[in-house]
Amino acid sequence: MSQVYRLHSTLELPLETVYDHFESEPPLPDGIDSVDITRRNNTLIISAVSTDESISKYTPTAQLKASVSETRVFTEEEEARRNAPRWGADAEDEEEEEPTGELIEMAAFKGDRETVLQNSALQYPMFEVLCTLARQAEKGTLTAIAEVDGDLEATRIVDGDDRPASIEVVEGPRNENSSSSGVNWRDNKFIS
């Protein structure tokens, strides 16, 4: 059984891109029959629907969670004009203009594993769905460590492109040193 141990995501992509992706009926990983997309206020939840009928309908399957916010997107010309220096009367005229650009909704899959990828049933297949979405994102990074068929596997996707990733095991702090160097909160004279 494959499992995701660590995950960190800063992915942002247009909400329309997310909906278009699933409406095109992409091939889904083994174990997932389809996905349910629910929007509650400013939260987007993409839940896995299992192909395995032995999984009870009351068992929470893995889901991806994103926050939805509006952002203004500018063309290159508009961006250049906005960033150009303004002097004198031109600056006063610019302040009175309505903001240009298109207002779009963005889905932000940001946070660690428990924030972005929730529940354990079908967790790894939904991680694969998240990787597919990450490859469509123009902005953001997805890094993860997962177990696949008994081996640890590192994943790193930056701005829609797969990048090399490796796992490094380092020695952490020793238990005997950490207990003596910490603050003894019970006998601290500054806390009453």
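Laboratory data are not the source of any read-out in this text; all were calculated from the coordinates shown. Owing to the predicted nature of the structure, the values given are computational and were not obtained by experimental measurement. In this analysis, Cβ positions are derived from the backbone assuming ideal geometry, glycine residues included, and neighbour counts consider all displayed protein chains.
If packing is taken as the average count of other Cβ atoms within 10 Å, what order do 63-69, 146-152, 124-130, 100-106 fall into, highest mean first?
124-130, 63-69, 100-106, 146-152
Arrange the peptides 3-15, 159-171, 50-62 so that the one whose residues have, on average, the most other Cβ atoms within 10 Å appears first. Can you show the working numbers first?
Numbers: 3-15: 18.1, 159-171: 9.2, 50-62: 13.2.
Ranking, from highest mean packing down: 3-15, 50-62, 159-171.
Gap in Å between the Cα centre of segment 1-67 and the Cα centre of segment 111-138?
Cα centroid of segment 111-138 versus Cα centroid of segment 1-67: 7 Å apart.
Extension gain Glu102-Ile45, at 0.36 nm per residue separation less the Cα-Cα distance, in nm?
Fully extending the segment from Glu102 to Ile45 adds 18.0 nm.
Figure the gain on full extension for Thr10 and Lys110 (residue separation times 0.36 nm, minus the Cα-Cα span) and round it to one decimal in nm. Walk me through the intermediate numbers first.
Numbers: separation 100, 0.36 × 100 = 36.00 nm, distance 0.45 nm.
That works out to 35.6 nm of additional length.
Starting from the Cα-Cα distance between Ala154 and Glu23, subtract it from 0.36 nm times their residue separation and give me the gain in nm to one decimal.
Working it through step by step, the gained length comes to 44.2 nm.
Between Asp161 and Tyr58, what is the FRET efficiency for a Förster distance of 35 Å, r being their Cβ-Cβ separation, to the nearest 0.05? Mind showing how you got there, number by number?
Details: r = 40 Å, r/R0 = 1.13.
The calculated FRET efficiency here is 0.35.
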